[in-house]
Amino acid sequence: MRIKLKNSIKKSIRVFFIPIGIMAMIIIAAVMFCFGKYKKTMDFYNKAYSDISTTVLVANTLDDAVMDYVEYGGKYYLDKVTYNYDSLVDKIKLISNNRDSYSSVVRDYIDNVEMITREIEVIIKNFRADTDDASRSKIYSEKLFERITRVEKDFNFILKFVTEAGLEKYNKLESRIVVTQVLVVVAVLVLCLAVYLLWLYYNRNVAVPVSDIYEWSTMLGEGYYKMDDLNTEGDSELTELAKSFNMVKAKLAEATKLKDEYVKATEKIKDIEEHKKKFVKQLYDEKRDKEAITNIAKCDGLTGLYNRRTFDEIVEEFFIKRPAGVEGALFLIDMDNFKNINDSLGHLAGDEALKLLAGVMRIVFTGAYLGRYGGDEFIVFCSGNSNTEELKKYAEALCKKMDTVMEKEGKKVQMSVSVGISKTEEVNDYSELYRMADKALYFSKENGRNRYTFSEDLED
């Protein structure tokens, strides 16, 4: 439910913003007037004065050009007269385009000048370059002199009236600007007063209560909830907020007791959980140690492959539990020139060669059982795979990867492997399977090494 407050901060601040807004609009309007209408008016009269003054100079230049033509004649001076006349016409058109902005007297003078200019145009068009001196002088004295002089006088009158109108406008605007300046000064003073009163109100009704609430919340964050109640005098939003904080503080003491009890219970549960974790970790460590011991007993210490005993158990179990239709294959692998490696490069190099062969076997025979029978003899059993083409790919890959040179301290020894392969088809005994693979291996060793032989390809 929303509470209605008599002295709402929102309403009170609105009262201050009304005069502030009015004074701001007065200042903006004054600035727009000073830099808008005043500048526009003065720019117009300054330009008009410049255009009319230039036109007077052009009229004087035309008079000089006509006098030169009267005195000297010829095409050059006639062209000069025509050029200055055209310039005068352009200037008069420029002034005439703004005729509505001038007074009626100035407009009458402009109309009179345009009429005289047309008369001058008719006279100038009758000029010829070969006109004799007497004729030129007569035309000037009887027709042109008076008209050009009237144009000059009329433009001087126009210049006078425009100057007087500009001064009159300036004086009127100057008085308005003085009034505007006074209004701006008053508006600034009222604005400063409103801002000062707003600051006083804010400091007393907002800043101080907020500071008290902030200090209270800071102490609350530090755990010090036992303190005096906040001041709840007045009827504003912050007063209601202070009341709410006091209610929270009253509930906080009760909640703190529950919290202390909860913390104690949590710590007790945590101790129990820690004890459980330690117990579980101990069991896990014991299990891991047992598995490690078991793995050590099952695997070869140098290569990590199954040892002979473990491997034999795996294959024998295959024959015991072998499902109908499931076949396999046995690979016997012997490293060629192993004695030469030990004798030439040392026993450490021999160990590295055995590790290399074990690594290659892991890459080639994925999913198969891998073992070391002892010395340089290794063994592989592929369960569920007796396809001759696939077995050939395994043997070819193994021979290719092991066909390499081992080098140490400048000495080199050629490495390779010989392989014998037997399949479980029509074989029900592991010893017979091993015998067949061993016979195939012997054939590979005796026939060039670095090769593989299937027992099925040999004659019994």
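Annotations
- Counted residues, segment 110-155 - those being in a helix (DSSP H, G or I) and open to solvent by 80 Å² or more (accessible area, probe 1.4 Å): 12
- Filter result for residue 16 (open to solvent by less than 100 Å² (accessible area, probe 1.4 Å), under 46 Å from the mean Cα position of the chain (by Cα) and at pLDDT below 70): yes
Residues are listed down the side, and each one gets a yes or a no for (1) aliphatic (A, V, I, L, M); (2) outside any strand (DSSP E or B); (3) in contact with a helix residue (DSSP H, G or I) (Cβ under 9 Å, 6 or more places away or on another chain); (4) at pLDDT below 95:
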site	(1), (2), (3), (4)
367	no, yes, no, yes
370	yes, no, yes, no
378	no, no, yes, no
398	yes, yes, yes, no
407	no, no, yes, yes
415	yes, no, yes, yes
418	no, no, yes, no
421	yes, no, yes, no
427	yes, yes, yes, yes
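- Selection within segment 87-109 - farther than 19 Å from residue 59 by Cα, touching a residue at least 12 places away in the same chain (Cβ under 8 Å) and within 59 Å of the chain's Cα centre (by Cα): 98, 101
- Selected residue (criterion: farthest from residue 444 (Cα to Cα)) from residues of segment 319-331 that are in contact with a Ser or Thr (Cβ under 8 Å, 6 or more places away or on another chain) and crowded, with 19+ Cβ neighbours inside 10 Å: 328
- Just one residue in the set 22, 52, 27, 3 is at pLDDT 75 or above, open to solvent by 60 Å² or more (accessible area, probe 1.4 Å) and aliphatic (A, V, I, L, M); that residue is 22.
- The listed residues are 38, 83, 69, and the only one of them that is in a helix (DSSP H, G or I), surrounded by 12 or more Cβ atoms within 10 Å (Cβ to Cβ) and at pLDDT 80 or above turns out to be 83.
- Residues within segment 91-107 that are surrounded by fewer than 12 Cβ atoms within 10 Å (Cβ to Cβ) and either over 16 Å from residue 48 (Cβ atoms) or among the hydroxyl-bearing types (Ser, Thr, Tyr) (or both), tallied: 1
- Looking at 404, 366, 388, just one residue is in contact (Cβ under 8 Å) with a residue 40 or more places away in the chain and of a type in the set (Val, Ile, Thr), and that residue is 388.
The values are calculated or read from the model by the stated rules, or taken from the named source; none is laboratory data. All of these numbers come straight from a predicted model, not from anything done at the bench. Neighbour counts are summed over all protein chains in view; Cβ atoms, including those assigned to glycine, are modelled from backbone coordinates with ideal geometry. To get the accessible areas, we keep the full protein, side chains included, count just its heavy atoms, and leave off ligands, DNA and RNA. Shrake-Rupley method; radii C 1.70, N 1.55, O 1.52, S 1.80 Å.
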